[in-house]
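Asks: My questions all concern the structure below.
Just so you know, all these numbers are worked out from the coordinates, no wet-lab data involved. These numbers come from a predicted model, not from an experiment. All Cβ positions, even for glycine, are placed from backbone atoms using ideal geometry, and neighbour counts span all protein chains on display.
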Amino acid sequence: MTRTTFQQHARLDRRIINMDRAAVGEEQPYGWCLWDECDRYSSTLYRKVWHQHDSRIPCEVADARAIQAGAGSGVHRMTAFCSDRHLKFWWNANGGAALASIDRTGRAYGNLPAGFRGRYG
């Protein structure tokens, strides 16, 4: 059976399970999209992992060191969204991109990056 590109893509897209909600026994223990105006579930395709450790140290070693030191968590943070569009909205509202967005449009929040406006995703 030949699979189309859509079918192969759909198999990779999974909802992210929030273990805190699953432990309480909620019927839908999925994580929500981080974009504040959205009420859809987040997806594994549209997540950003922040590495808060030296890039020369492998991720597994950095996590093990942090847990051994009693940090209570690893050195990685994850943000997840329901779509690429919401990920780009959020990414453009942070740091230097937000300052550039203020210069262009007068506001930092709710703008897509330059080049992604119009009929995008």
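Asks: Relative to the Cα centre, what is the charge dipole magnitude of region 13-82, using +1 at the beta carbon of each Lys and Arg, -1 at the beta carbon of each Asp and Glu, and rounding to the nearest 20 debye? Display every interim value, and only then the final one.
Replies: Working: 9 positive and 10 negative charges, 55 e Å.
So the dipole magnitude of region 13-82 works out to roughly 260 debye.
Asks: For region 13-82, what are the per-bin percents of Cα-Cα distances with bins 10 Å wide, up to the bin holding the maximum?
Replies: So the P(r) values, bin by bin, are 20, 35, 34, 11, 0.
Asks: OK, next. What distance in nm separates the two pseudo spin-label positions at LEU112 and GLN28, each 7 Å out from Cα along the beta-carbon direction?
Replies: 2.6
Asks: Please report the net charge: other residues with Cβ closer than 10 Å to the Cβ of LEU87, K and R +1, D and E -1.
Replies: Computed value for this residue: +3.
Asks: Ok, one more. Multiply the residue separation of ALA64 and ALA100 by 0.36 nm, subtract the distance between their alpha-carbon atoms, and state the gained length in nm to one decimal. Each step should come with its number before you reach the end.
Replies: Numbers: separation 36, 0.36 × 36 = 12.96 nm, distance 3.77 nm.
Full extension of this stretch gives 9.2 nm more.
Asks: Okay, moving on. Calculate, in nm to one decimal, what MET19 and GLU37 gain on full extension: separation in residues at 0.36 nm each, minus their alpha carbon distance.
Replies: Values: separation 18, 0.36 × 18 = 6.48 nm, distance 2.29 nm.
That works out to 4.2 nm of additional length.
Asks: Using the basic label-point model (7 angstrom from Cα toward the beta carbon), what is the ILE57 to ALA71 distance in nanometres?
Replies: Rounded to a tenth, the inter-label distance reads 0.6 nm.
Asks: Which value, in debye to the nearest 20, describes the size of the charge dipole of region 42-120 about its Cα centre when Lys and Arg Cβ atoms bear +1, Asp and Glu Cβ atoms bear -1, and nothing else is charged?
Replies: Working: 11 positive and 5 negative charges, 80 e Å.
Roughly 380 debye, rounded to the nearest 20.
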